[in-house]
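The structure under discussion appears below in the form of structure tokens.
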Amino acid sequence: MTTLLKVEDLKIFYGSIEALKGISLTVDEGEIVTVLGANGAGKSTLLRAISGLLPIRSGKIKLGDQELNNVKAFKIVMGGISHVPEGRKVFATLTVDENLNLGAYTRRKDKKNIKESKERVYDLFPILKARRNQLSGTLSGGEQQMLAMGRGLMSTPRILLLDEPSLGLAPLLVKQIIQIIREINNQGISILLVEQNARKALSIADRGYVLETGNITISGLASELKSNKKVQEAYLGGAALKKRK
Amino acid sequence: MKIILEQLLNGLTIGSFYALIALGYSMVYGVMKLINFAHGDLFALGSYLGYTLLVFGSTYVTVTFGIWGGMIAAMLIAAIGIGIAGTLIERIAYRPIYSVGRLPAVVSALGASIVIQNGIMVAWGPRPQAYPSQVVPSIMLNIGEFKITLLQVIILLISFMLMGLLYYIVQKTTFGAAIRACALDRDTAALMGINIETIIFFIFALGPALGGMSGVMVGMYYRKISFIMGWNYGLKAFTATILGGIGNIPGAMLGGLLLGVLEMLGSAYISTAYKDVFVFLVLILVLIFRPRGLLGEKVAEKV
């Protein structure tokens with residue numbers, strides 16, 4: 001399999017604080033890769049660095065053969081990376097339809113293809129079609145997450161970066177979102193999924209990394225991570241289970 | 001009845017000047033969260049630019065395009081010139097200091113205002129100038145007993161066309177949605193592939209261009225222009241922006257038109273000397289009872 005996204009020895013600083021201390025990871029074509037970690041581990045920082053929102057101190061980020069260091073955020077989207085940010089960040093005073101149009105901003109002249117992409121998004125998230133003329137700020141949390149993901153797909157990305165899509169959603173919705181992520185992946189789009197909900201993330205991921213205060217401490221196949229003692233204790237509620245026994 | 005209608009029309013004319021200037025304040029504030037205090041002076045610069053074109057270029061401009069064509073040509077050239085001036089101000093006075101916060105940029109804006117105002121004084125002299133009567137014909141239209149000048153009709157037509165065009169761009173096109181997205185959340189807008197620098201360039205060119213055209217129209221309407229006029233009009237237009245809801249495009253238009261009408265009715269029925277008191281009284285009332293302005297941003301966010 002060919003490597004699609006490659007991060008090499010990446011260091012990110014906020015002022016003098018080192019948020020990422022030299023991490024490396026890869027995402028292959030067609031893979032779902034998850035990055036697990038607690039609050040403040042640097043998960044969102046990693047995604048923001050990949051999509052060009054944060055300056056890189058040292059290290060390399062590559063999409064295919066193309067180096068992404070010092071490429072501006074709006075150009076990285078054109079390269080085929082789409083980032084669905086944490087907290088959904090839909091444009092609240094714009095309608096659902098306008099939000100989706102902005103998702104396809106990089107190819108805004110291509111009206112016919114935009115319409116096709118929109119139909120595909122509506123197939124994945126039928127509720128968005130019903131709500132298309134509504135201000136997106138009036139949607140429920142789950143609907144906003146669907147809109148954010150739909151908007152991310154409108155740029156026809158090669159890889160989708162998802163930052164905590166399950167955050168703050170009811171369990172039933174989490175299940176639905178996870179299923180849709182799998183469906184998106186089946187359409188040939190690679191996925192880098194950052195999650196606190198490790199159990200759900202590992203249930204669909206091919207591989208995973210564990211990020212702890214700026215370092216990758218464990219990595220491997222999803223099945224290996226699931227059976228890893230440390231992962232179980234820290235992220236899968238293993239410690240609590242043990243106590244109960 | 002006749003007087004009310006005529007005053008209303010006069011009010012709408014002045015109001016459309018305010019509205020066109022207010023749009024520039026509002027667009028820049030919406031995206032940059034910066035009050036561009038130099039905007040009023042860019043408006044004055046536009047008025048002087050139009051003056052020079054009509055007076056010294058009149059042998060070419062007016063002869064080639066005719067009187068009305070000459071006026072339109074003067075407005076277009078003033079719009080382009082002031083649009084360029086607006087983007088230059090952004091480059092020189094604001095861009096180098098964005099990173100240190102919002103307050104320094106406001107001070108820099110005041111500085112830019114002083115520079116432009118004094119620049120006009122140096123270039124055109126401290127005495128007021130007059131748009132010559134031969135380049136601006138005064139033709140009266142009588143509709144029954146109701147009187148209106150042709151110039152007024154043209155000013156109203158052009159103003160409403162410009163406002164309609166801007167409304168269409170900002171509210172109905174994807175590019176307009178991109179501008180509104182940048183105003184809401186720049187980082188996420190960048191994730192959509194929107195180049196924020198293009199948006200900033202656009203608002204700093206278009207806002208002042210509208211102000212410049214308004215400047216030429218003010219010159220034609222009142223004839224007399226002075227280098228300090230930017231302050232007065234700027235203040236009124238800024239008030240209009242707050243009245244309508246800052247950062248909101250239809251709000252700026254409504255605020256400007258309303259302010260013009262209030263001012264005219266106030267000076268017709270209460271007192272000319274107190275017309276500004278009347279205007280600012282309304283502003284104070286709006287700020288007390290509806291601080292976000294008449295059409296202030298709809299807040300519809302779910303946490």
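Coordinate-derived values only; no laboratory data. Predicted, not measured: the structure shown is a model, and the values here were computed from it. All Cβ positions, even for glycine, are placed from backbone atoms using ideal geometry, and neighbour counts span all protein chains on display.
For the range B:2-289, the Kirkwood hydrodynamic radius comes to 19.4 Å, computed from all pairs of different C-alpha atoms. Tell me, what is the percent relative contact order of the range A:138-205, built from C-alpha pairs under 8 Å that lie six or more residues apart? Reported relative contact order: 38 percent.
Taking the C-alpha atoms only, the angle from helix B:174-184 to the longest principal axis of chain B is near 60 degrees. Packing, taken as the mean count of other beta carbons within 10 Å per residue, orders the peptides A:183-196, B:239-252 from highest to lowest as B:239-252, A:183-196.
Database remark: amide H of A:Ala19 closer than 5 angstrom to the amide H of A:Ile12, A:Phe13, A:Tyr14 (H placed geometrically; neighbours at sequence offset of 5 or more, or on other chains; Pro and chain starts carry no H). The angle separating the long axis of helix A:111-124 from the principal Cα axis of greatest extent in chain A is about 50 degrees. Principal-axis analysis of the Cα atoms of chain B puts helix B:150-172 at an angle of about 10° to the longest axis. Relative contact order of chain A: 26 percent, from C-alpha pairs under 8 Å at least 6 residues apart in sequence. Projecting the Cα atoms of A:Pro85, A:Gly64, A:Thr95 onto the dipole axis of the range A:35-116, where Lys and Arg carry +1 and Asp and Glu carry -1 at the beta carbon, places A:Gly64 farthest toward the positive end.
Here the relative contact order of chain B, from alpha carbon pairs under 8 Å that lie six or more residues apart, stands at 37 percent.
For chain B, a Gaussian network of Cα nodes joined below 10 Å ranks B:Leu103, B:Leu151, B:Leu258 by mean-square fluctuation, and the top entry is B:Leu103. Divided by 2.2 N^0.38 Å, where N counts the residues, the Cα radius of gyration of the protein assembly as shown comes to 1.18. Under a model in which nothing but the beta-carbon of Lys, Arg (+1) and Asp, Glu (-1) is charged, chain A shows a dipole of about 380 debye around its Cα centre.
Shown for B:Val170, B:Val63: other C-beta atoms within 10 Å of each C-beta, ranked fewest to most, produce the order B:Val63, B:Val170.
Per-residue shielding of A:62-75, expressed as the average number of other chain Cβ atoms within 10 Å of the residue Cβ, stands at 2.
Rg then Dmax, both in Å and based on the Cα atoms of the range B:1-105: 17.6, 56.
FRET efficiency for the pair A:Thr138 and B:Arg127, taken as 1/(1 + (r/R0)^6) with r the Cβ-Cβ distance and R0 = 41 Å, rounds to 0.10.
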